[in-house]
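**Student:** The following block contains the structure, expressed as structure tokens.
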Amino acid sequence: MRINNIELDNTQVEAIKSTNKSVLVIAGAGSGKTLTIQGKVKYLIEELNIKENEILCISFTNETVNNLKNKLLNLGYKIEVLTFHKLGLKFLKNSFSITNDTTLPFIIDEYFKSYISFNKKKNRLFKNLFFTDNDINKIFKSKIYENFKMKIYTFIKLAKSNNLEEKDIYKFYKKSIFNTKILLKFILDIYHLYNIELKSTNSIDLDDIIIKGTKEVKNFKLPYKHIIIDEFQDSSLIRLNLIKEIIKYTNAYLFVVGDDFQSIYRFSGSNLNIFLNFNKYFEDAKYYYLKYTYRNSNELIHVSTNFIMKNKKQLRKNIVSNKNVDKPIKIMINYNLKEVLEITGKENVLILGRNNKDIENIEFQNKMTIHKSKGLEEENVILVNSDDFPSGIKEEKIFKLIQKDKEYIPYEEERRIFYVALTRTKNYIYIIVNNKKSIFIKELIHNYKDYIEIKKKH
């Protein structure tokens, strides 16, 4: 089978032609995930005579949806391609507004301003528990408060993406002790106020779109015989529930593609266990491993695969390439971006940063953050500010109440983010070391000397 004059390999064709009710295609970076999806659509329409409106494709962002839709159009197929949120909206009949992303942060701020003014005698507890500054007015401008606020915000977003209501958080509260109990009391109050705000303004948030949409699926007669999902490693519990509900009423076949190495949206609700335990959620499941990568060299594959497998839950993949590149990782100590660009040239280069602040002041067209770089590739890649790997922000134990991970793996999510950065390149990745060698950089240097070139500017 050929797509865009590219011959699909045997594993891709086997997966595409599988007769199993549920198929999981486990891919590596640059292994042709989108080509496999295009091949699946072509096979369904041209070989099995499935109609275009009987196929539903789902991806996670507007950008990836548009990309997939256009690639299918180029093949001559007009297929419905939606994000999960657009899919949820299909099933909602009532009029409502979608709340702004700033609503919950605003409520958190207002809650604590009110808490402090009405509990002046308890301020000492509040300060000693979470802050050290004696000036209450400085609290809301402090990094400590911002981290504290983000912890509450993330917990509530995780709770919603895992379909938890106030009563479920109350159960956590009843069982908890000490600081965790106090924090959960704050979370309960804020979650309650947030729900009141949504109800009073006839608003819903992005998670509500999926949650409420799932409840309405039963009221629709849907034409779907095949559901195809890209980036399945980023699924959350509420997304899983929506798909299972659609399959319940349509009896559709399911074909999903993803890479557990690139699951980097944990703090917005993605649950890697759904991917790892696919056969527990869907009947007649069959797994296919894409073996070949068309992007990275064998040398980079060796380093990146061994690096990511420090996360014990990841699925081992035996990926091979027809390309060899000597020392594909360049550690650039004390170099600035301008100097590295002089080495690489400005053509066919992708600049990556851990956060927006790493790249916002860089005047270069081809830059995006690592999260936004998924699916992208370039001849050479420059990673700026490697000091941010892994980030100093601890993975809070309180989140494990929701995600129920029994085993703690240090820097699990951070390791996957770094893996994504490493695997965007077709040739070399230049890693700029500014002030100190981070934990990950030290690990690369210590474990993979034969694959790394260190350049130090004195």
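The values are calculated or read from the model by the stated rules, or taken from the named source; none is laboratory data. As the structure is a prediction and not an experimental result, all values here were calculated from the model. As a convention, Cβ positions derive from the backbone with ideal geometry for all residues, glycine included, and neighbour counts pool all protein chains shown. Only protein heavy atoms, including side chains, enter the accessible area calculation; ligands, DNA and RNA are left aside. Shrake-Rupley method; radii C 1.70, N 1.55, O 1.52, S 1.80 Å.
**Student:** Looking at segment 1-19, which of the residues that are part of a helix (DSSP H, G or I) and of a type outside the set (A, V, I, L, M, F, W, C) is surrounded by the fewest Cβ atoms within 10 Å (Cβ to Cβ)?
**Tutor:** Asn10
**Student:** How many residues are within 22 Å of Leu164 (Cβ to Cβ) and of a type in the set (Val, Ile, Thr) when one looks only at segment 206-241?
**Tutor:** 6
**Student:** Return only the number of the condition from (1) without any contact (Cβ under 8 Å) to a residue 24 or more places away in the chain; (2) open to solvent by less than 60 Å² (accessible area, probe 1.4 Å); (3) of a type in the set (A, V, I, L, M, F, W, C) that Ile196 does not satisfy.
**Tutor:** Exception for Ile196: condition (2).
**Student:** While we're here: Condition check: more than 25 Å from Ser373 (Cα to Cα) and either in contact with a strand residue (DSSP E or B) (Cβ under 6 Å, 6 or more places away or on another chain) or at pLDDT below 95 (or both). Does Val23 satisfy that?
**Tutor:** yes
**Student:** If I filter segment 344-356 down to residues being out of contact with any Lys or Arg (no Cβ under 8 Å at 6 or more places or on another chain) and surrounded by 15 or more Cβ atoms within 10 Å (Cβ to Cβ), which single residue comes out as nearest to Ala421 (Cα to Cα)?
**Tutor:** Once the filter is applied, the top-ranked residue is Arg354.
**Student:** Exactly one of (1) open to solvent by 20 Å² or more (accessible area, probe 1.4 Å); (2) in a helix (DSSP H, G or I); (3) closer than 21 Å to Ser59 by Cβ; (4) in contact (Cβ under 8 Å) with a residue 40 or more places away in the chain is unmet by Glu245. Its number?
**Tutor:** So the condition that Glu245 fails would be (4).
**Student:** Shifting gears a bit: Could you list, in sequence order, the residues of segment 75-111 that are of a type in the set (Phe, Trp, Tyr), free of Cβ contacts under 8 Å to residues at least 40 places away in the same chain and either farther than 25 Å from Ile50 by Cα or part of a helix (DSSP H, G or I) (or both)?
**Tutor:** Across segment 75-111, the qualifying residue is only Phe106.
**Student:** Now, a different point. For Ile37, indicate whether it is open to solvent by less than 10 Å² (accessible area, probe 1.4 Å) and out of contact with any Phe, Trp or Tyr (no Cβ under 9 Å at 6 or more places or on another chain).
**Tutor:** Judged against the criteria, Ile37 is not a match.
**Student:** Next question, about the same structure. Scan segment 53-64 for residues that are in contact with a Leu (Cβ under 9 Å, 6 or more places away or on another chain) and open to solvent by 10 Å² or more (accessible area, probe 1.4 Å) and jot them down.
**Tutor:** Passing the criteria: only Glu54.
**Student:** Within segment 361-400, track down each residue that is in contact with a Phe, Trp or Tyr (Cβ under 7 Å, 6 or more places away or on another chain), among the β-branched types (Val, Ile, Thr) and modelled with pLDDT under 90.
**Tutor:** Ile398
**Student:** Does segment 181-195 contain any residue that is on the phi < 0 side of the Ramachandran plot and not in a helix (DSSP H, G or I)?
**Tutor:** No, the conditions are met nowhere in segment 181-195.
**Student:** Within segment 357-458, considering only strands (runs of 3 or more DSSP E) that don't extend past its boundaries, which have at least 3 residues that are open to solvent by less than 10 Å² (accessible area, probe 1.4 Å) and closer than 18 Å to Glu342 by Cβ?
**Tutor:** Qualifying strands (runs of 3 or more DSSP E): 378-383, 425-433.
**Student:** Next up: For segment 20-27, state whether one or more residues are open to solvent by 10 Å² or more (accessible area, probe 1.4 Å) and in contact (Cβ under 8 Å) with a residue 12 or more places away in the chain.
**Tutor:** Yes, because at least one residue in segment 20-27 is open to solvent by 10 Å² or more (accessible area, probe 1.4 Å) and in contact (Cβ under 8 Å) with a residue 12 or more places away in the chain.
**Student:** Has segment 199-217 got any residue that is open to solvent by less than 50 Å² (accessible area, probe 1.4 Å), assigned to a loop (DSSP other than H, G, I, E, B) and closer than 22 Å to Leu254 by Cβ?
**Tutor:** Checking segment 199-217: not a single residue is open to solvent by less than 50 Å² (accessible area, probe 1.4 Å), assigned to a loop (DSSP other than H, G, I, E, B) and closer than 22 Å to Leu254 by Cβ.
**Student:** Can you tell me which of Tyr253, Tyr287 is open to solvent by 40 Å² or more (accessible area, probe 1.4 Å) and touching a His at 6+ places or on another chain (Cβ under 6 Å)?
**Tutor:** That would be Tyr253, the only listed residue that is open to solvent by 40 Å² or more (accessible area, probe 1.4 Å) and touching a His at 6+ places or on another chain (Cβ under 6 Å).
**Student:** If you scan segment 36-57, which residues turn out to be within 21 Å of the chain's Cα centre (by Cα) and either modelled with pLDDT under 95 or not in a helix (DSSP H, G or I) (or both)?
**Tutor:** Answer for segment 36-57, where residues must be within 21 Å of the chain's Cα centre (by Cα) and either modelled with pLDDT under 95 or not in a helix (DSSP H, G or I) (or both): just Cys57.
**Student:** Considering every residue within segment 249-256, establish whether at least one is farther than 26 Å from Thr11 by Cβ, at pLDDT 95 or above and in a helix (DSSP H, G or I).
**Tutor:** Checked segment 249-256: at least one residue is farther than 26 Å from Thr11 by Cβ, at pLDDT 95 or above and in a helix (DSSP H, G or I).
**Student:** Suppose the filter is in contact (Cβ under 8 Å) with a residue 40 or more places away in the chain and either hydroxyl-bearing (Ser, Thr, Tyr) or more than 30 Å from Tyr265 (Cα to Cα) (or both); does Tyr43 pass it?
**Tutor:** For Tyr43, the condition - in contact (Cβ under 8 Å) with a residue 40 or more places away in the chain and either hydroxyl-bearing (Ser, Thr, Tyr) or more than 30 Å from Tyr265 (Cα to Cα) (or both) - is met.
**Student:** Going through segment 290-342 one residue at a time, which ones are open to solvent by 70 Å² or more (accessible area, probe 1.4 Å), touching a strand residue (DSSP E or B) at 6+ places or on another chain (Cβ under 9 Å) and either in a loop (DSSP other than H, G, I, E, B) or farther than 30 Å from Val13 by Cβ (or both)?
**Tutor:** Passing the criteria: Lys291, Tyr294, Asn318, Asn322, Asp326, Asn334, Asn336.
**Student:** Any idea which residue in segment 142-182 is surrounded by the fewest Cβ atoms within 10 Å (Cβ to Cβ), counting only those that are acidic (Asp, Glu) and within 23 Å of Leu198 (Cα to Cα)?
**Tutor:** Checking each candidate, the answer is Glu165.
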